[in-house]
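*Asks:* This is the structure, below, for whatever I ask next.
Laboratory data are not the source of any read-out in this text; all were calculated from the coordinates shown. The shown structure was predicted, so the numbers you read here are calculated from the model rather than taken from an experiment. Cβ sites come from the backbone with ideal geometry, for glycine too, and all protein chains shown count toward neighbours.
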Amino acid sequence: MNRQTFIIIYLGLLLGTGPAAIDSYAPLLSLIAADLDIAVANAQLGLSTALFAMGVGQIFIGPAADRWGRTKPVYAGLSLFVIGSALALMAPSVELLLLGRFLQGLGAATGQILVRAILRDLFTGQDLAHATASVTAIMGVVVIMSPVTGYLLAHAFGWRAMFGALLLYGGVLLAATRWGYHETITFVNDDALKPAAMLAAARRIVVHPQSLRFLLVLLVGGFAMFSYVISAPVVYATSFGVTGTKFALLYATMGGGALSGQILNRWMIRRIGTVPTMVLSLACAAAALFTGLVLQLLGVLNAYGFTAVLFLFAAGFLIAVSNATALVMDPHGNYAGFAASLVGTLSFAIGSLTGTAIAQFAAGDAAVVLACMLASVLACLGFAASWLWQARHRHAEEQLHYAK
């Protein structure tokens with residue numbers, strides 16, 4: 001295996017710590033609730049707690065990685081992930097379970113941030129978008145495997161076995177970091193953790209037209225993604241009567257959509273460009289959600305149709321997330337860690353809070369969840385399409401001026 005192949009696989013698995021912690025937990029809510037003698041809604045807090053921690057944990061990881069390099073924060077984050085998994089594995093109460101989930105989320109936040117920063121250390125421009133798509137495809141494999149693996153382990157050995165598997169996953173990544181990862185940052189910024197430096201970097205990001213536009217795509221888009229992730233177990237159970245093994249298998253198909261989308265994304269980026277690919281993918285995601293919403297309102301949407309809608313949504317929408325992330329990060333190589341932290345903190349914190357609110361409001365109603373997701377995707381499509389139109393308009397004006 002050559003160096004670039006290893007780093008792509010390693011970063012994909014590191015990025016997968018978040019989905020592994022979330023997607024393996026989602027099918028087990030009823031088992032956890034029954035074992036700990038709590039309501040399913042309280043067990044569901046394990047999802048929102050981990051997601052919120054993933055958002056909060058990203059605030060200082062990026063600046064710390066700009067100050068001390070990428071390696072030490074990777075070790076720290078994976079260690080937290082392992083400790084949180086061990087605590088959840090042994091938790092006798094929901095309070096300790098939530099504490100373990102919080103630590104897991106903090107640890108997984110490292111992967112969400114440092115993968116973006118390391119990719120920006122190694123790649124720029126269209127190569128960055130292409131590499132990001134490859135890493136996201138590897139993460140898609142984790143998304144496919146997590147719910148099924150978690151459910152099968154839980155039914156064979158009890159729900160705590162799933163946390164044992166997550167502990168092992170974190171341990172393997174720690175070993176891979178020790179033996180295979182080499183520092184990618186070319187210089188460290190001694191001022192990276194100073195408030196003035198962080199404020200200055202934040203200002204440079206939000207005043208940069210490209211970064212601001214696609215940061216908005218990520219923030220608004222997070223509403224759609226987290227609404228689905230947090231609501232899915234209850235929606236399948238309430239609207240379609242699907243639980244257990246069937247839910248785990250259907251839920252895993254979203255990972256198949258993510259993987260398929262990123263394979264297509266790598267091909268399309270080279271042929272039509274990063275933003276046109278994003279516009280087409282968002283249009284497809286919106287069409288799928290609109291179709292699903294109409295069918296649900298007509299009372300003819302079943303669990304398989306709902307899953308097909310979500311497969312297409314995942315394929316299209318995660319193309320947009322991957323490409324938007326690359327477009328936000330690309331102009332800011334000198335403080336890539338902080339840029340990744342800003343993107344991750346805002347998208348995860350806002351997404352987890354709004355997603356939790358929608359899950360509570362929808363109460364398992366598929367139509368409400370689909371409508372909210374559709375509104376979010378349409379807003380993202382508007383941001384991306386207007387940028388593409390403006391870019392082409394500017395190019396036409398430049399060509400006209402040159403001709404004169």
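*Asks:* GNM, the chain, Cα, under 10 Å: largest mean-square fluctuation among 339, 154, 315?
*Replies:* Result: 154 has the largest fluctuation of those listed.
*Asks:* What full-extension length gain, to one decimal in nm, is calculated for residue 6 and residue 212 as 0.36 nm per residue of separation minus the Cα-Cα distance?
*Replies:* Gain in length upon complete extension: 70.9 nm.
*Asks:* Got a sec? Charge dipole of the chain, +1 on Cβ for Lys and Arg, -1 for Asp and Glu; which of 150, 284, 24 is way out at the positive end?
*Replies:* Sorting the options by dipole projection puts first 284.
*Asks:* Another question, if that's okay. Give the order of 130, 182 when sorted by the count of other beta carbons within 10 angstrom, beginning with the fewest.
*Replies:* Final ranking by Cβ density, sparse to dense: 182, 130.
*Asks:* List 139, 54 from most exposed to least, where exposure is judged by having the fewest other Cβ atoms within 10 Å.
*Replies:* So the ranking, lowest neighbour count to highest, is 139, 54.
*Asks:* Further, regarding this structure: When only Cα pairs under 8 Å and 6 or more residues apart are kept, what is the percent relative contact order across the chain?
*Replies:* Values: 709 pairs, mean separation 105.5, N = 404.
Value for the chain: 26 percent.
*Asks:* Using only the Cα atoms of the chain, what are the Rg and Dmax in Å?
*Replies:* Rg, Dmax (Cα atoms, Å): 20.5, 77.
*Asks:* Something else now. Placing unit charges on C-beta atoms (Lys and Arg positive, Asp and Glu negative, everything else neutral), compute the dipole magnitude of the chain about its Cα centre in debye, rounded to 20.
*Replies:* Rounded to the nearest 20 debye, it is 740 debye.
*Asks:* Now for a separate question. Please go through region 172-208 and write out the chymotrypsin sites (Phe, Trp or Tyr not before Pro) that DSSP classes as loop and that have at most 12 other C-beta atoms within 10 Å.
*Replies:* For chymotrypsin sites (Phe, Trp or Tyr not before Pro) across region 172-208 that sit outside H, G, I, E and B with at most 12 neighbouring Cβ atoms in 10 Å, the list reads 187.
*Asks:* Ok, one more. Could you work out which residue, out of 148, 74, 40, moves most in a Gaussian network model of the chain, that is, has the largest mean-square fluctuation with Cα springs under 10 Å?
*Replies:* Its mean-square fluctuation being the largest, the pick is 40.
*Asks:* Taking the convex hull of the Cα atoms, report for region 143-232 its projected area averaged over all directions, in nm².
*Replies:* 9.9 nm²
*Asks:* Name the residue from 179, 189, 244 whose Cα lies farthest towards the positive end of the charge dipole of region 174-254, charges +1 on Cβ of Lys and Arg and -1 on Cβ of Asp and Glu.
*Replies:* 244
*Asks:* Find which of 368, 349, 231 sits farthest along the positive direction of the dipole of the chain, computed with +1 on the beta-carbon of Lys and Arg, -1 on that of Asp and Glu, about the Cα centre.
*Replies:* Farthest along the dipole direction, towards plus: 349.
*Asks:* Taking θ = phi - 60°, what integer Hz values does the Karplus form 6.51 cos²θ - 1.76 cosθ + 1.60 yield along region 255-267, in sequence order, with x for Gly and Pro?
*Replies:* x, x, x, 4, 5, 4, x, 6, 4, 5, 4, 4, 6
*Asks:* Still on this model: Take 186, 345 and order them by how many other Cβ atoms sit within 10 Å, fewest up front.
*Replies:* The fewest-first ordering by Cβ neighbours comes to 186, 345.
*Asks:* Cα-based Rg (one decimal) and Dmax (whole number) for region 290-404, in Å?
*Replies:* Cα-based Rg and Dmax for region 290-404 come out at 18.9, 62 Å.
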